[in-house]
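The values are calculated or read from the model by the stated rules, or taken from the named source; none is laboratory data. If you're wondering where the values come from, they're calculated on a predicted model, not measured in any experiment. Positions of Cβ are generated from backbone atoms using ideal geometry, with glycine treated the same way; all protein chains shown enter the neighbour counts. Protein only, heavy atoms only, side chains kept; ligands, DNA and RNA dropped before computing areas. Shrake-Rupley method; radii C 1.70, N 1.55, O 1.52, S 1.80 Å.
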Protein chains: 4
Amino acid sequence: MNFASDNTAPVSPEILAALSAANEGSVGSYGADGWTERMRAELRAVFAHDQLAAYPVATGTAANALALATLTTPYGAVICHQEAHVATDEGGAPEFYMGGAKLMTVPSTDGKITAAQIDAAMARAIDGGIHHVLPEMVTITQATEWGTVYSPTEVRAIAEACRRHGLKLHMDGARFANALAHLGCSPAAVTWEAGVDVLSFGATKNGALAAEAVIFFDPKVATGFERRRKRAGQLWSKMRFLSAQLIAYLENDLWLRNASHANQMAQRLGDGLATVPGVSVLQHVQANEVFAAMPEALMTALRAQGAHFYGWIDVPGVDLPVVRLVTSFQTSSSDVEAFLAHAGAAKRLAA
Amino acid sequence: MNFASDNTAPVSPEILAALSAANEGSVGSYGADGWTERMRAELRAVFAHDQLAAYPVATGTAANALALATLTTPYGAVICHQEAHVATDEGGAPEFYMGGAKLMTVPSTDGKITAAQIDAAMARAIDGGIHHVLPEMVTITQATEWGTVYSPTEVRAIAEACRRHGLKLHMDGARFANALAHLGCSPAAVTWEAGVDVLSFGATKNGALAAEAVIFFDPKVATGFERRRKRAGQLWSKMRFLSAQLIAYLENDLWLRNASHANQMAQRLGDGLATVPGVSVLQHVQANEVFAAMPEALMTALRAQGAHFYGWIDVPGVDLPVVRLVTSFQTSSSDVEAFLAHAGAAKRLAA
Amino acid sequence: MNFASDNTAPVSPEILAALSAANEGSVGSYGADGWTERMRAELRAVFAHDQLAAYPVATGTAANALALATLTTPYGAVICHQEAHVATDEGGAPEFYMGGAKLMTVPSTDGKITAAQIDAAMARAIDGGIHHVLPEMVTITQATEWGTVYSPTEVRAIAEACRRHGLKLHMDGARFANALAHLGCSPAAVTWEAGVDVLSFGATKNGALAAEAVIFFDPKVATGFERRRKRAGQLWSKMRFLSAQLIAYLENDLWLRNASHANQMAQRLGDGLATVPGVSVLQHVQANEVFAAMPEALMTALRAQGAHFYGWIDVPGVDLPVVRLVTSFQTSSSDVEAFLAHAGAAKRLAA
Amino acid sequence: MNFASDNTAPVSPEILAALSAANEGSVGSYGADGWTERMRAELRAVFAHDQLAAYPVATGTAANALALATLTTPYGAVICHQEAHVATDEGGAPEFYMGGAKLMTVPSTDGKITAAQIDAAMARAIDGGIHHVLPEMVTITQATEWGTVYSPTEVRAIAEACRRHGLKLHMDGARFANALAHLGCSPAAVTWEAGVDVLSFGATKNGALAAEAVIFFDPKVATGFERRRKRAGQLWSKMRFLSAQLIAYLENDLWLRNASHANQMAQRLGDGLATVPGVSVLQHVQANEVFAAMPEALMTALRAQGAHFYGWIDVPGVDLPVVRLVTSFQTSSSDVEAFLAHAGAAKRLAA
């Protein structure tokens, strides 16, 4: 019953098999190999965009930090949600890669930001003139840190605000597959067609060993990306082993199958918890995360039964502590049902 | 006949098998797993040092840049050879990670630097006072970029110069296994016993998929390393797959067996080329690289036969162009003999 | 009637005279001169601290950024008020000088932060582990951006929280003289005796041409400051002309006389505005700034009479727009009375 | 007899008078004042260029570092002479401001670099591909660190090499007035007409208190300069006092008169030393610096007579130690003659 994070899971067998398959003979290093070429072609097909530039890296933090650094000057700023992964969980990587540019955070209860918040942040920054740093970019997370999903319409509204102010739009897609499995739309519809400039396309949390792709939908804005990746120590010499992971991830819709399973498990977990007296589920469960407020005693009881999960930040207006439960491609129905049974039983005992 | 680089090679089967073996169940992320613990224990055993701190990362550039940044202030400098990988082949990664500190290069024909050069650099820097940046560290490459190997005595002399001036000593061991296979001494003898403070322990060029370890022999100086690695996007969530590579690399002396084979192939290549009229081998072949001066026409003829290798930088006093030939754990005797046969034949035809 | 900022004022005649007096003969450059030595002695006397290290620079932004960078690692963070000058008005200088470290802001309505906020920020950061940046420092502004002044007791409480968490404490004293003139205590009592580690001692806003001093009360923590100042291009070659300004600023209590005058003018302005119907003064007027909520029409009427001042940020719970009025050593009683007369007259006309 | 540096000199009386004249009333801060506007107009007239953008800062290091940072990416490089001030005497400021970009140094005996060296550096960098940092800029010093002066023809040849390779050209004009006084050409002829993109126009070494201007001849490339200056803490609030210095510096050709005097003093010093047996003057004395090789005993004797000067770096092929003698607008004929008399007398005694 490990709901601590989707990155405690192992690797999809298909992806591991792809590594073995790629382990044949000498090939060009640093991306001059057939796997990397094919990875790019696959992503162009999946996103229905024959111009996109795609660069694999090993971690989501690297993908985000490189994407932001490529499109922001060191004296600029990036608008993001106050609980965005880039702001709270990447150890300052965006600031490091951007050379000191600022993250400007805006709040909300569901992890999403709005066009109006972008307008307001820009008005305040412009009012401060040369003394205030000026945002050059917006980053949104899909699915968000609260397990919610932006619709294409919501993304479009944000992208329009970006265009009004001359800002670039980045999407942190560490859980992009989960968002897409929820939306059921095309990958294009919620990214470049909606106005996203650059996407961190995550695979690690959803079955890869260590692989993400930074995708620029307009290759002209990717200037310097390759040099930045190199000088960040993020350019693999044996690149084929990054690219092969991504190919296997996309092949036969492995990515969407993995994500759908994880989402279903989260859905069942959320639905089940909602029926446990004294427990409240805090957000619409749309991707693979469930946030639930529950008594401390119940948390303790569940952990005593072997369940793993993190306590989350306090939520204003919610008296009970909040926990986060994350499902993955490997989460089993039996683990979910066992967790729910323990939760129900513990509550009954307490009553 | 691929002698372009040791990173065009695939992965040792033992290492690939270790990835599969590690792909079982949910485990703690970011290094809170048994593989990472065991990797650390293995390195402590190999280096006969029960205190060392070891941190895996995916690339040699990341290992070097993190090691230098941990021990140098942003307003300091690092003394290195003018053709050191950190100075010429890492796209500015050391400067990026160090926050703008300088590399101060010193020349030599065999890739090694000397204590006297360190003394001279320090004298000049101190003479410049506050206006000149002050070195805080020295980095040497083992084996060097010219395929030569520092003896323990040579390392000790450099370390003594470092102590005289209050400098830390880093060893870039991207090809440490090849150096050690040549020296035949213990790993300790040419590192911490000789005065090395921090080692980039390479595995990727010698059979791993993507794995290096940064090893601090005094864990007290490693302060901040983990935070630096995180904010560099170099901390893997599924860390077990980095650690498992390193374990397999060390197990049953795979690393030394791989390196010995590569060295033998280089030795044979060097010996063979030395007998080809008009070709001269430029350095003592000690590790897995051969540098040879040869006529342009011979280079062309060899490439026409399917050989891959890079032209190298011009060498003062050598009229002919210089090529670099790199062997790996996968280089076959037949490839080496075929290359030598083509070289001999081409020369005879030309005569 | 220029109340836009204290830096629209000219230079105190005493300070200009000091520049002329220093313009004699050749002297050592970069601080190897008698003026710089005397400046240090004067500051040691004023702060009753014979060990302090004091370094002059030309701007307040440079003073703050250098102070923070000296005591924070690039992967760390600094806790400050959300409207602190370092956070909103220095164009990202702290992040630049610190090499990408973060400012973590906390809110309040009067510009002050509290020990409890520091405790909470630390708890959250520690809970985030390696993924969250860890604060290493706190900076407070004296007088604050809302014209309020920390008492020695308040500073001491903050310093105690800092000690609890191993944080250094910086005071941005761009308006330190105004704060001290209000408090009437010794310079020591509200700085090092209360636990401040480093002070940006401002002079420019209070009569200097361009001069601030960064004062470390424990010279041991100032390691590297001089090299950082040099590489920031903040080390003057003709340093005597920075030091001479500071000497004249301190001599005969010029700094306190200038600040007292400015404070009195602000007090009168605040008292007068409080009697104007429809105007409310928002904070205790303790230094040389007055914040007043007033109808848009009154703002317009006052500007039409030649008054200069800035509109300020919106204040939650206050319906009217807010203006900031700043007085300086040169503000005349007649300007203040004229402003108040215009304000009263405009209100009467509107009634 | 102070020949240590031109920055040991005081301030030209005309410039000090201008500070007093500017000390009237309240004016807009941060450059929104009449002096700054007039300064810009004066520079446009002097350089016969009605579009140039000019920004005052207080130090030469700041001027250079900001100029380089504005036109170089953090992952790029700047080609310069190996003894360039930016490379050896600015404490790493260029690397800091550029965010870690590299200085690539090339050698020569007279302080000048050539188009051929630029071509060679570019060929090598391009050959290294993504692994080698790519130069984006060239910086030359006028007058050079060896007191020599580039002719307009020499500058043009360098600018042509820059255009061939897509590089921007910066001129470090800390001693630009001395170079111009030697050349006798127009300021335009040796800067923008010859292909210079950005000039650090020095005044401090030649009579100002602390004032330099960064001049972009194409204002379109200055994007971001103002924000960079702000976040470097280099934007003065009371800007009129920087601008007023520059106006007075240009008015009535004060800058050229000061420089001509300094050059004449250096010329006389060089001519005189050339006649002292055992002393050799190493470079053509073209600006205000004399480099002379002389016996250690003579150096000691001169210092015993009260002469101040620095020993310089060793020069290959010159057996004697080398000293640098710098003259300024304040150097008196009597000091020069006294120095020469002491030199001659000391030699005679030694004979």
Worksheet item: What net charge do the residues around B:Leu71 carry, taking every other residue with its C-beta under 10 Å from that of B:Leu71, with Lys and Arg at +1 and Asp and Glu at -1?
Response: -1
Worksheet item: What residues have an amide H closer than 5 Å to that of A:Ser108, excluding those fewer than 5 places away on the same chain, when H is modeled at 1.01 Å from N in the peptide plane?
Response: A:Gln82
Worksheet item: Carbon and sulfur together cover what percent of the accessible area of the protein assembly as shown at a 1.4 Å probe radius?
Response: 53 percent
Discussion item. Give the aspartates and glutamates whose C-alpha is closer than 18 Å to that of A:Lys220, dropping any in the same chain fewer than 8 places away, or say none.
Written reply: A:Asp50, A:Glu136, A:Glu193, A:Asp197
Item to complete: Output the Kirkwood hydrodynamic radius of segment C:28-72, Cα pairs only, in Å rounded to one decimal.
Response: 11.8 Å
Worksheet item: Dimensions of segment B:1-144 along principal axes (Cα, Å, largest first)?
Response: 59, 41, 30
Worksheet item: So which helices of chain D fit the span-like rule, where a helix is a whole DSSP H run, its Cα atoms reach 24 Å or more along the axis, and its mean Kyte-Doolittle is at least -1.0?
Response: D:254-274, D:333-350
Discussion item. Full-extension gain between A:Ile126 and A:Thr153, please, as 0.36 nm times their residue separation minus the C-alpha to C-alpha distance.
Written reply: 7.0 nm
Worksheet item: Which Cβ of chain B lies nearest the axis of the rotation superposing B onto C, and at what whole-Å distance?
Response: B:Gly99, 2
Worksheet, complete the sentence: Low-density loop chymotrypsin sites (Phe, Trp or Tyr not before Pro), segment C:185-244, at most 15 other Cβ within 10 Å, DSSP non-H/G/I/E/B, are none
Worksheet item: In nm, to one decimal, how far is the B:Ala341 label point from the A:Glu337 one, both placed 7 Å along Cα→Cβ?
Response: 6.6 nm
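What value does segment A:1-81 have for Rg/Rh, both radii from Cα atoms and Rh as Kirkwood defines it? Display every interim value, and only then the final one.
Details: Rg = 16.9 Å, Rh = 16.2 Å.
Dividing the radius of gyration by the Kirkwood radius yields 1.04.
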Fill in: Rounded to 5, percent antiparallel among DSSP beta bridges of chain C
50 percent
Worksheet item: Going 7 Å from the Cα of A:Ala17 in the Cα-to-Cβ direction, what parts of segment A:201-221 have a backbone nitrogen less than 19 Å from that spot?
Response: A:206-210
Worksheet item: Counting only protein heavy atoms and rolling a 1.4 Å probe, how much accessible area do D and C lose on contact, total for both sides, in Å² to 100?
Response: 3700 Å²
Worksheet item: Do any residues of segment B:78-110 lose at least 30 Å² of accessible area when the full set of protein chains is present rather than just their chain alone, and if so which, with a 1.4 Å probe?
Response: B:Thr88, B:Asp89, B:Gly91, B:Glu95, B:Phe96, B:Tyr97, B:Gly100, B:Lys102
Worksheet, complete the sentence: Ranked by GNM mean-square fluctuation in chain B (Cα springs under 10 Å), the top entry among B:Arg257, B:Arg227, B:Arg38 is B:Arg227
Worksheet item: Counting only residues 5 or more places away or on other chains, whose amide H sits under 5 Å from the amide H of C:Asn2 once H atoms are built in the peptide plane?
Response: C:His308
Worksheet, complete the sentence: Spelling it out for C:Leu169: with amide H atoms placed in the peptide plane at 1.01 Å from N, the residues 5 or more places away or on another chain with amide H under 5 Å from its amide H are C:Val138, C:Asp197, C:Val198
Item to complete: Would you kindly work out the equivalent ellipsoid of segment D:226-282 from its C-alpha gyration tensor and give its semi-axes, the square roots of five times the eigenvalues, largest first in whole Å?
Response: 40, 17, 7
Worksheet item: Tell me, what are the semi-axes, in whole angstrom and largest first, of the equivalent ellipsoid of segment D:255-351 as set by the roots of 5 times the Cα gyration tensor eigenvalues?
Response: 21, 16, 11
Worksheet item: Beyond 33 Å, what percent of the Cα pairs of chain D remain?
Response: 30 percent
Fill in: Accessible area expressed per residue, segment A:228-289, with surrounding protein chains retained (probe 1.4 Å, Å²)
30 Å²
Item to complete: Could you pull the copy-to-copy label distances for B:Glu160, with points set 7 Å along Cα to Cβ, in nm to one decimal and sorted shortest first?
Response: 5.5, 5.6, 7.6
Response to the item:
Once D:Phe176, B:Phe329 are ranked on solvent-accessible area with the largest value leading and a 1.4 Å probe, the list reads B:Phe329, D:Phe176
Fill in: Probe 1.4 Å, all protein chains present, accessible-area order of A:Met294, D:Met104, largest first
D:Met104, A:Met294
Worksheet item: Under the Karplus relation 6.51 cos²θ - 1.76 cosθ + 1.60, θ = phi - 60°, what is the ordered set of whole-Hz ³J(HN,Hα) values for segment B:314-324, x standing for Gly and Pro?
Response: 5, 10, x, x, 10, 7, 7, x, 10, 10, 10
Fill in: Cα-based Rg and Dmax for the protein assembly as shown, where Dmax is the largest Cα-Cα distance (Å)
33.4, 111
Response to the item:
Note on segment A:202-320: the mean projected area of its alpha-carbon convex hull, in nm², is 11.3 nm²
Item to complete: Count charges around B:Gly224 for me, please; just the other residues with Cβ under 13 Å from its Cβ, Lys/Arg as +1, Asp/Glu as -1.
Response: +4
Worksheet entry | Largest-first ordering by accessible area, 1.4 Å probe, given options B:Leu66, C:Leu256 | C:Leu256, B:Leu66
Fill in: Radius 9 Å from Cβ of C:Val326, net charge of other residues (Lys, Arg +1; Asp, Glu -1)
0
Discussion item. Once each part is reduced to its C-alpha centroid, what is the distance from segment B:162-203 to segment A:302-317 in angstrom?
Written reply: 46 Å
Worksheet entry | D:Thr73 accessible area, 1.4 Å probe, all protein chains in place, Å² to nearest 10 | 40 Å²
Item to complete: Quick one: check the C-alpha center-to-center distance for segment B:230-245 versus segment A:216-249, whole angstrom.
Response: 17 Å
Worksheet item: Scattering from the C-alpha atoms of segment D:108-212 alone, worked out with Debye: what is log10 I(q)/I(0) at q = 0.22 1/Å?
Response: -1.14
Response to the item:
If each part is reduced to its alpha-carbon centroid, segment A:1-25 and segment A:101-124 end up apart, in Å, by 36 Å
